[in-house]
Amino acid sequence: MKDKSRRNLIKTGFLGGLAGMLGASNSLGKALGIIPTPAEVEGPFYPVMDQQDKDFDLTKIEGRQGIADGEHIIIKGQITDVAGIPVENAVIDLWQANAKGRYRHPRDPNPEPLDPNFQGWAIISSGKDGRFRFKTVKPGAYPASGTWIRPPHIHFKVSSSGHNPLTTQMYFPGEKLNETDLLLRNKKASDRPLMIAKPVGKEKNITIYQYNIVFK
Ligand SMILES: [Fe+2]
């Protein structure tokens, strides 16, 4: 089925109705080739110190003049369920290391400096048609243990009433470290591409990545 006609069917609620009749949106998702976003561990650096500014622009902190160091990027995507139905008002809780690979977390052992202008954490929600968007910096790689270096990644916890919450990590394309990452390489070959964002264009020289999220 072409993307456009699939969207039209979704709009008319046909698929939703069919999913209801089948009583199993998972089977319908399988038929449509929609695979749930693979889960991943939360990791040790979920923020423990509250902060005022948790908005969609992580490159600036309210009340400060400066902007975050590193490559600024935009991540956009859509949240759906496995039947392809958009999920509006989902809560997207995301956190990441700064451009040098350092988290603003008291137990991050990385000696790289904090960036006083990097927000590091955001809680946003999906809007119309399940879409979301945020601006941030490309996170740096960081040593995890011994010879294991984590590739650039962003952590997500996504929740919405009526769906199982999802904790996962999003990666970047073309990173050599993706191949040796102990977490990512443990995923099924068919799951890995679903965890890697895709560059889809530029906006004022800022690369835009697409990362869609599918609830189980
Ligand atoms: Fe991490």
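Annotation: of all residues in the stretch 149-165 being closer than 16 Å to Ile75 by Cβ and among the aliphatic types (A, V, I, L, M), the one that is farthest from the ligand (Cβ to nearest atom) is Val158. Exactly one residue among Gln169, Gln210 is within 17 Å of His72 (Cβ to Cβ) and either in contact with a Leu (Cβ under 7 Å, 6 or more places away or on another chain) or not β-branched (Val, Ile, Thr) (or both), and that residue is Gln210.
Look at His105 and say whether it is over 19 Å from the mean Cα position of the chain (by Cα) and either more than 19 Å from Pro38 (Cα to Cα) or touching a residue at least 60 places away in the same chain (Cβ under 8 Å) (or both). Answer is yes for this residue.
The strands (runs of 3 or more DSSP E) found entirely in the stretch 117-216 that carry 2 or more residues being surrounded by 14 or more Cβ atoms within 10 Å (Cβ to Cβ) are 121-125, 131-137, 142-145, 148-150, 153-159, 166-171, 206-210, 213-215.
Scanning the stretch 70-98 for residues that are out of contact with any strand residue (DSSP E or B) (no Cβ under 7 Å at 6 or more places or on another chain) and not β-branched (Val, Ile, Thr) yields Ala83, Gly84, Glu88.
Read-outs throughout are calculated quantities, based only on the coordinates presented, and are distinct from any laboratory measurement. A quick note: this is a predicted structure, and the numbers were derived from the prediction, not measured. A quick note on method: Cβ atoms are made from the backbone with ideal geometry, for glycine too, and the neighbour counts reach across all protein chains shown.
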